[in-house]
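Asker: Mind looking over this structure? Questions follow.
The values are calculated or read from the model by the stated rules, or taken from the named source; none is laboratory data. In this text, all values refer to a predicted model and were calculated from it rather than measured experimentally. Heads up, the Cβs are rebuilt from the backbone with ideal geometry, glycines too, and the neighbour counts pull from every protein chain shown. Ligands, DNA and RNA are excluded from the accessible area calculation, which covers all protein heavy atoms including side chains. Shrake-Rupley method; radii C 1.70, N 1.55, O 1.52, S 1.80 Å.
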Amino acid sequence: MGGNQRAVGWSAFPRTTAEERAGLFVWPSLAGATLLPEERRLLALYRPSGLVLFRRNLVSLSQAHSLVSELRALLPGVALGIDEEGGRVARLPWPMPRGVPALQWADANAVAAAKEQATLQALVCKGLGINVVFAPVADVLTEESNPVMGDRCYGRTPAVVSTFVREVSQVFLSHGISPCVKHFPGHGDTTTDSHHDFAQTNATLETLAHREWIPFQEAFRGGVPFCMTAHVRVPSLDPVFPATLSSRILKEELRGRLGFQGLVLSDDLRMKALALHYGVQVALTSAAIVDDVSGLAGRSLSGYLHMAGVDALKAGCDIVLSCQSIVLEEEVLAGVATALKNDEAFASEMEGRLPRFFEGNVG
């Protein structure tokens, strides 16, 4: 960043209320394929700098194009993100194919084919007006029984994963799509799914530095602008907080040791691994790999989400994702807005993050 950008403050962003400022740091989602009246009201109130779209929001190419156009009219400059890895995790609408999972490309050493798939994903996203893709996965699959990563990983060694991460990232960047590498500090050797349960890795700092973090470093060298956290606890680094809530992991390791200069995004705050940290029991999350989340309507988690968003931002996340309808996620936005009003140190720290937003043209 240039020296002049380091002085950027709120004056660089036309956001005058605490609610609008909170919207810069929280990316919610929408309930379905059309905007609800209450969603419209909250989008106008908070003006989130980004939104996360799921398959429930994108039922056909024509409908998706109309929805995106409407969102961009309501929120000029909004970042629109989507989980689009290929295989199990694919959100683009029919007739876009789900594609081949990452591990299948890696096992066949099919770098060129993986790039072709990424090219199709990038072109469809660009045509729809979606400009952020939560991919590629940089996790190294070292635990074969891993229930959440598995074939989402580009291999079992850092060298192979790094090659695919580098090449796929460059495809997205070359088409004007911002990739988000995930899930730091690594989710490849866990034996549980953080969507549904507590997750932990027992890797040492040395192992992390020489195995898990090599693909992330390759992505950072290539200019990937976003990095997503994992709700994974790493006792060797922080025995108390999962990575999303750990300043040791995010500020000292990701920022300090690895030198990442882009924007740090949390994984979905509603995932059970994070809820359990706050002592809250939940049955399922909107971030689950399945697309049908209709059973979650009306679920209230009062208090937990109110705290989690602020805690993640304090720990070092620049943007927190909370991926049901903004109607259900207002708790996160309201929590951040309240903290910006009442916590001078927090407000000052978040204003200090603005140069990264300025450089990334977010908000």
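Asker: How much length would be gained if the chain were fully extended between H175 and A113, taking 0.36 nm per residue of separation minus their Cα-Cα distance, in nm to one decimal? Could you put the intermediate results ahead of the total?
Answerer: Values: separation 62, 0.36 × 62 = 22.32 nm, distance 1.69 nm.
This chain segment gains 20.6 nm when fully extended.
Asker: Quick one: if the Förster radius is 22 Å, what FRET efficiency do E252 and R221 give, using the C-beta to C-beta distance and rounding to 0.05?
Answerer: 0.65
Asker: Continuing with the same structure: Between H65 and A209, how high is the FRET efficiency from 1/(1 + (r/R0)^6) when r is the Cβ-Cβ distance and R₀ = 51 Å? Nearest 0.05.
Answerer: Details: r = 44 Å, r/R0 = 0.86.
Rounded to the nearest 0.05, the efficiency is 0.70.
Asker: At a 1.4 Å probe, what is the % contribution of carbon and sulfur to the accessible area of the chain? Can you show the working numbers first?
Answerer: Numbers: 7090 of 13190 Å².
Result for the chain: 54 percent of the exposed heavy-atom area is carbon or sulfur.
Asker: While we're here: Can you give me the Kirkwood hydrodynamic radius for the chain, using every pair of distinct Cα atoms, in Å to one decimal? Please report the intermediate quantities before stating the final value.
Answerer: Working: mean 1/r = 0.0496 Å⁻¹.
After inverting the pairwise mean of 1/r, the radius is 20.2 Å.
Asker: Moving to a separate point now. Amide H neighbours of A79 under 5 Å, counting only residues 5+ apart in sequence or on other chains, H built in-plane at 1.01 Å?
Answerer: When sequence neighbours closer than 5 places are left aside, the close amide H contacts are G50, L51, G363.
Asker: Measuring with a 1.4 Å probe in the full set of protein chains, what accessible area per residue, in whole Å², belongs to the chain?
Answerer: Details: 13190 Å² over 363 residues.
That works out to 36 Å² for each residue.
Asker: Please identify the DSSP H helices in the chain that span no less than 24 Å along the helix axis (Cα) and have a mean Kyte-Doolittle hydropathy of 0.0 or more. Before the final figure, lay out the partial values.
Answerer: Numbers: long enough: 111-128 (26 Å, 0.66).
Counting only whole DSSP H runs, the qualifying helices are 111-128.
Asker: With all protein chains present, calculate the accessible area of D189 using a 1.4 Å probe and round the result to the nearest 10 Å².
Answerer: Solvent-accessible area, nearest 10 Å²: 40 Å².
Asker: Amide H neighbours of L269 under 5 Å, counting only residues 5+ apart in sequence or on other chains, H built in-plane at 1.01 Å?
Answerer: Residues meeting the criterion, in which the H sits 1.01 Å from N, are L321, S322, C323.
Asker: Once the piece of chain linking K126 and T16 is laid out straight, how much longer is it, given 0.36 nm per residue of separation minus the C-alpha distance between them?
Answerer: The K126-T16 span can extend by a further 36.5 nm.
Asker: Evaluate Rg over Rh across segment 302-363, taking Cα atoms for both radii and Kirkwood's formula for Rh. Let's see the in-between values first.
Answerer: On the way: Rg = 11.8 Å, Rh = 12.2 Å.
Computed over Cα atoms, the ratio is 0.97.
Asker: Moving to a separate point now. Apply the Karplus curve 6.51 cos²θ - 1.76 cosθ + 1.60, θ = phi - 60°, to the phi angles in segment 252-257 and return the couplings in whole Hz, x for Gly and Pro.
Answerer: Result, rounded to whole Hz: 7, 8, 5, 7, x, 5.
Asker: Which order, highest average first, do 115-125, 226-236, 11-21 follow once you tally other Cβ atoms within 10 Å for each residue and take the mean per peptide? Walk me through the numbers on the way to the answer.
Answerer: Values: 115-125: 19.2, 226-236: 23.6, 11-21: 15.8.
Packing proxy ranking, top to bottom: 226-236, 115-125, 11-21.
Asker: In percent, how large is the relative contact order of the chain, given Cα pairs closer than 8 Å and 6 or more residues apart?
Answerer: On the way: 754 pairs, mean separation 71.0, N = 363.
Value for the chain: 20 percent.
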